[in-house]
């Protein structure tokens, strides 16, 4: 993990996000991961603010930025598309859920241009 960020409200943590390095080669590629916002704080800008901080961090480090999320038809895909992320593909996860199934993943990249 390169960095972890938290969102706070009245000195309480209400969200977090992590940034990891996908490719330590000459062309840096970071991944936004583990974005979580407490249920009572959703739709109040906490998630968007955390994503903006990750985009700023990647920009400062001249890095491409990607993410993958479970494609469960929740509002997650709409959230990232609304933040300007571009859907680049879908795949089956290399890991399994508790019931033994492999979830479908949606892959996104942030278009810095």
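Among 77, 97, 32, which one shows the highest mean-square fluctuation when the chain is modelled as a Gaussian network with alpha-carbon springs under 10 Å?
Most flexible of the set in this elastic network: 97.
For the stretch 3-109, give the share of DSSP beta bridges that are antiparallel, in percent and rounded to the nearest 5; count only bridges with both residues there. Working shown, then result.
Values: 25 of 28 bridges.
So the antiparallel bridges in the stretch 3-109 amount to around 90 percent.
Work out, step by step, the length gained on full extension between residue 70 and residue 97: first 0.36 nm times the residue separation, then minus their alpha carbon distance; give nm to one decimal. Walk me through the numbers on the way to the answer.
Working: separation 27, 0.36 × 27 = 9.72 nm, distance 1.09 nm.
That works out to 8.6 nm of additional length.
Give, in nm to one decimal, the length gained when the segment between residue 88 and residue 59 is fully stretched (0.36 nm per residue of separation minus the Cα-Cα distance).
Numbers: separation 29, 0.36 × 29 = 10.44 nm, distance 1.99 nm.
Computed gain between residue 88 and residue 59 is 8.5 nm.
Would you compute, from DSSP H runs of 4+ residues alone, the mean residue ellipticity of the chain at 222 nm, taking -39500 (n - 2.57) per run and dividing by the full residue count, rounded to the nearest 500? Numbers along the way, then the final one.
On the way: 2 runs with 22 residues, N = 113.
My calculation for the chain gives -6000 deg cm²/dmol from helical runs alone.
Taking the structure as given and computing Cα extents along the principal axes in Å, which label from (1) 46, 34, 29; (2) 45, 38, 25; (3) 39, 39, 25 fits?
It is the one labelled (3).
With label points built 7 Å along Cα→Cβ from the Cα atoms of residue 21 and residue 3, find their separation and express it in nm.
Placing both labels 7 Å beyond Cα along the Cβ direction yields 1.4 nm.
Just so you know, all these numbers are worked out from the coordinates, no wet-lab data involved. Everything quoted here is computed from the prediction, not taken from an experiment. Here Cβ is always computed from backbone atoms with ideal geometry, including for glycine, and neighbour counts include all displayed protein chains.
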